[in-house]
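Report on the following structure.
Read the figures in this text as sums done on the coordinates, not as results from a lab. Quick caveat, the model's predicted, so the values are computed rather than measured. Cβ placement follows ideal geometry from the backbone for every residue including glycine, while neighbour counts extend to all protein chains displayed.
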Amino acid sequence: MKVLVPVKRVVDYNVKVRVKSDQSGVDIANVKMSMNPFDEIAVEEATRLKEAGTVTEVIAVSCGVAQCQETLRTAMAIGADRAALVQTDAELQPLAVAKLLKAVAEKEQVNLVILGKQAIDDDANQTGQMLAALLGWPQATFASKVVIEGETAKVTREVDGGLETISVKLPAIVTTDLRLNEPRYVTLPNIMKAKKKQLDTLTPEELGVDVTPRIKTLKVSEPPSRKAGIKVADVAALVDKLKNEAKVI
Ligand code: AMP
């Protein structure tokens, strides 16, 4: 059984991004980039399935600029067997990524795709769902537990106020939630080993995919800054303000 794990190169979650002065987006020049955290969880899960003997091969794939190779090397240091970069300098939106991933999933004949539930840069939460629709495969989103039993995957999902367990027939799409696992620490020997693993490069044209953006960003703005608080004399004054000014009680 082969697993495909799409990994996105995003601004590191510790970086405080700044909006560009023309409000066209955020400034990513000279900013630390890393693997999307939910994708690290996806690579870890696929690696654990391989270590358990359930899966035979884990293939990492990234779509984007040449530097995504670093992200793919990290995926291989965690445990992916090989990787593919769909290289383009074009802006990629979720629908375009889903089409590219569909082409790779079909080319590689995979039985399972494990993606992050969401990329922390665009917060779209769309790619996995679109990929499932394009492939016509079942999807189990926001997974906090994955068990493969023969031809099916039993997936526990995080839903409002609880957990839901579903069973999907393979081939299927799974998207990872935060509590699925804790990704391992990447060791130096594994980073060295990853340098020797196979990394293929493809292009959207080779895969026959038109990646032209369908969405236009009109404006990106900072959240409003928080107003300073005030001190009140006593509880009665606080209650009065909550009732008459804030109108919350
Ligand atoms: P999104 O729909 O943009 O929130 O992304 C959801 C998931 O799709 C991510 O966690 C990745 O697993 C995958 N994904 C999105 N964009 C890319 C990309 N450019 N390359 C590889 N995987 C991606």
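Observations
- Enclosing the Cα atoms of the stretch 1-84 in their convex hull gives a volume equal to 91 cubic angstrom per residue.
- What the phi angles of the stretch 13-21 give under the Karplus curve with 6.51, -1.76 and 1.60, with θ = phi - 60°, is a coupling list of 5, 7, 7, 8, 6, 10, 6, 5, 4 Hz, glycine and proline written as x.
- Antiparallel content of DSSP bridges confined to the chain, in %, to 5: 40
- FRET efficiency, 1/(1 + (r/R0)^6) with R0 22 Å, evaluated for Met33 and Thr217 via beta carbons: 0.65
- Partner lysines for Lys219 [C-alpha distance under 20 Å; skip if fewer than 8 residues away on the same chain]: Lys16, Lys20
- Zone residues, the stretch 191-228, relative to Val19, backbone N less than 13 Å from point 7 Å out along Cα-to-Cβ: 218-226
- Too-long pairs where the Cα-Cα distance tops 25 Å, listed order kept, from Lys99/Lys216; Lys154/Lys195; Lys32/Lys145: Lys154/Lys195; Lys32/Lys145
- Extents of the stretch 2-220, largest first, come to 53, 41, 36 Å (Cα atoms, principal axes, whole angstrom).
- 222 nm mean residue ellipticity, helices alone, for the chain (DSSP H n ≥ 4; -39,500 (n - 2.57); rounded to 500): -8500 deg cm²/dmol
- The Cα center of the stretch 36-97 and the Cα center of the stretch 117-193 differ in position by 13 Å.
- Hydrodynamic radius (Kirkwood) for the stretch 130-225, which is based on Cα pairs only, to one decimal in Å: 17.7
- In this simple spin-label model, placing a label point 7 Å from the Cα along the Cα-to-Cβ direction at both Val26 and Asp234 gives a separation of 4.7 nm.
- Amide H contacts of Thr152: Leu170, each under 5 Å away and 5 or more positions distant or on a separate chain (H built 1.01 Å from N in the peptide plane; Pro and chain starts excluded).
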